[in-house]
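In what follows, a structure is listed as structure tokens, so that the remarks can point back to it.
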Amino acid sequence: SSDLIAATLLLRVARHYVRADRFVEAEAIYQAVAVFKPRPFLVKQVGNMLFRQHRYLHAVKVLESVEEYFDGDEEYDYLLKSSREGLKAQSKP
């Protein structure tokens, strides 16, 4: 279907932005794709992009929303743990 083609193309563009360290743009694309094609993996990628932008509070919230889907996933565990640590570090005076 045309939605699948559009989602596939958008994901390629998002990955291009990630490789170029353009996390704001990648996040926007992952957010858009997740809206019309919700998948836990896409939500995890949104959390990843938020983490890379040092937006730890938002990253934790997004990652926790899909926690049930990533039991034992090393990348997910790293992102959530690191986001929580970053949030604690930001909270210290």
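The values are calculated or read from the model by the stated rules, or taken from the named source; none is laboratory data. In this text the structure is predicted, and so the values were computed from the model without any measurement. Cβ: placed from backbone, ideal geometry, glycine included. Neighbour counts: every protein chain shown. Please note that ligands, DNA and RNA were not included when accessible areas were found on the heavy atoms of the full protein model with its side chains. Shrake-Rupley method; radii C 1.70, N 1.55, O 1.52, S 1.80 Å.
Could you work out how far apart the two model spin labels at SER2 and ALA28 are, taking each label as a point 7 Å from the Cα in the direction of the beta carbon, and quote it in nm?
2.3 nm
Please compute the Kirkwood hydrodynamic radius over the chain, one decimal place, Å, based on all pairs of different Cα atoms. Could you put the intermediate results ahead of the total?
On the way: mean 1/r = 0.0740 Å⁻¹.
Every distinct Cα pair counted, the radius reaches 13.5 Å.
For the chain, what does the relative contact order come out to in percent, with C-alpha contacts under 8 Å and a separation of six or more? Working shown, then result.
On the way: 83 pairs, mean separation 18.8, N = 93.
Worked out over the chain, it gives 20 percent.
Which stretch or stretches of segment 1-39 have amide N atoms under 13 Å from the point lying 7 Å from TYR69's Cα along the Cα→Cβ direction?
Under 13 Å, as judged by backbone N against the label point of TYR69, lie 31, 33-39 of segment 1-39.
Considering only SER2, GLY47, VAL18, whose Cα is most displaced toward the positive end of the charge dipole of the chain, charges sitting on Cβ of Lys, Arg (+1) and Asp, Glu (-1)?
It is VAL18.
Any idea what the dipole of the chain comes to, in debye rounded to 20, about its Cα centre with Lys/Arg Cβ at +1 and Asp/Glu Cβ at -1? Before the final figure, lay out the partial values.
Details: 14 positive and 13 negative charges, 80 e Å.
Rounded to the nearest 20 debye, it is 380 debye.
Only helical DSSP H runs with n ≥ 4 go in: add -39500 (n - 2.57) per run for the chain, normalise by residue count and round the 222 nm mean residue ellipticity to 500 deg cm²/dmol.
Values: 5 runs with 72 residues, N = 93.
Only helices count here, giving -25000 deg cm²/dmol.
With N residues in segment 18-57, what two-decimal value do you get for its Cα radius of gyration over 2.2 N^0.38 Å?
On the way: Rg = 9.6 Å, N = 40, 2.2 N^0.38 = 8.9 Å.
Compactness ratio reported: 1.07.
Can you work out the accessible area per residue across segment 11-56, with the rest of the protein chains kept in place, probe 1.4 Å, in square angstrom? Write out the running numbers ahead of the final one.
On the way: 2490 Å² over 46 residues.
Heavy-atom SASA per residue in segment 11-56 reads 54 Å².
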